[in-house]
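Please treat every number below as a calculation from the coordinates, not as lab data. Owing to the predicted nature of the structure, the values given are computational and were not obtained by experimental measurement. Quick reminder, even Gly has a Cβ in these numbers, built from the backbone with ideal geometry, and neighbours come from all protein chains shown.
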Amino acid sequence: MKPSSLQFFLLVTLLSLPFWLANAFVDLRFAPGVPFSALAVLCPVAAASILVYRQAGRRGVAALWRRAFDCRRIRPHYWFVPILLLMPLATAATFLIIAVWDQPPSPPELHIPVAIMMFVVFFIAAECEELGWTGYATDALQARHSALATSLVLGLATAAWHWIPLLQVGRSLEWIAWWTLWVVAIRFIIVWIYNNAGKSVFAAALIHAITNVASLTFHTYFDPRVTGIVLAVIAAVAVLLPMRAGRA
């Protein structure tokens, strides 16, 4: 049985439903804009594990989980530069644009201990997501489609998966539309790095976690109209560079 991205998307949605429904009864937010239903981050890795188990049994699941720390795959090592710095620099650039545009009273405060704690939490969450979205779905899609098509499908799928939690915290449809552009652009960047850095799930989870930390640090000034456009430009530049794997 070959990996199926459609089965994965449907199973992630089915597993996420209890968390989305529970959010209607549990008024709890883990951070600004992060509702109780965010616990659905467990669903991508759960869905991938279930499907891999059907295909390859326990050994297949163990192999999938080992990819969470496949940092040795990252070659050449200079790919650590965009993995570690691309999203913080992009986030800082959007803050500067917004600072000129809206003139916020003061820059955000960065507390190192808090940032480290956030990174640990977001990295665990990112691993749960990326073992599914990258470790399973990306390879499944790229077996049949180009890297560009894979990026677009995954970007829209991951964005749509977040729509219900965003509506639950009161985000407007316009805000969600711009945020969707941001998420799709991020997925293009993740797939680009994944394909060019040894197909490392660890790399995908690391850039995912760093993105969340940077975004939450600047959450007071987070405007998806600006961040979406900035990330879309970066993704477009990345697309012009070689994207390995899949069919071009």
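Odds and ends about this structure:
- Its Kirkwood hydrodynamic radius, worked out from the mean inverse distance over all distinct Cα pairs, puts the stretch 148-238 at 13.5 Å.
- Qualifying trypsin sites (Lys or Arg not before Pro) in the stretch 57-87, where qualification requires a DSSP coil assignment and no more than 11 other C-beta atoms within 10 Å, are lacking entirely.
- Selected from SER151, HIS162, ILE234, residue furthest toward positive end of dipole (the chain; charges at beta carbon): SER151
- Computed log₁₀ I(q)/I(0) - Debye formula, equal Cα scatterers, no solvent, the stretch 73-163, q 0.22 Å⁻¹: -1.27
- Charge dipole of the chain (Cα centre as origin; +1 on each Lys and Arg Cβ, -1 on each Asp and Glu Cβ, all else neutral): 1140 debye, rounded to the nearest 20.
- Pairs of Cα atoms farther than 23 Å apart, the stretch 5-240, %: 49
- Once both labels are positioned 7 Å from their Cα atoms along Cα-to-Cβ, the gap between VAL239 and VAL100 label points is 2.5 nm.
- Stretch gain in nm, segment LEU84-ILE124, where the contour uses 0.36 nm per residue and the Cα spacing is subtracted: 12.7 nm
- 222 nm mean residue ellipticity, helices alone, for the chain (DSSP H n ≥ 4; -39,500 (n - 2.57); rounded to 500): -23500 deg cm²/dmol
- Relative contact order [Cα under 8 Å, 6+ residues apart], the chain, whole percent: 30
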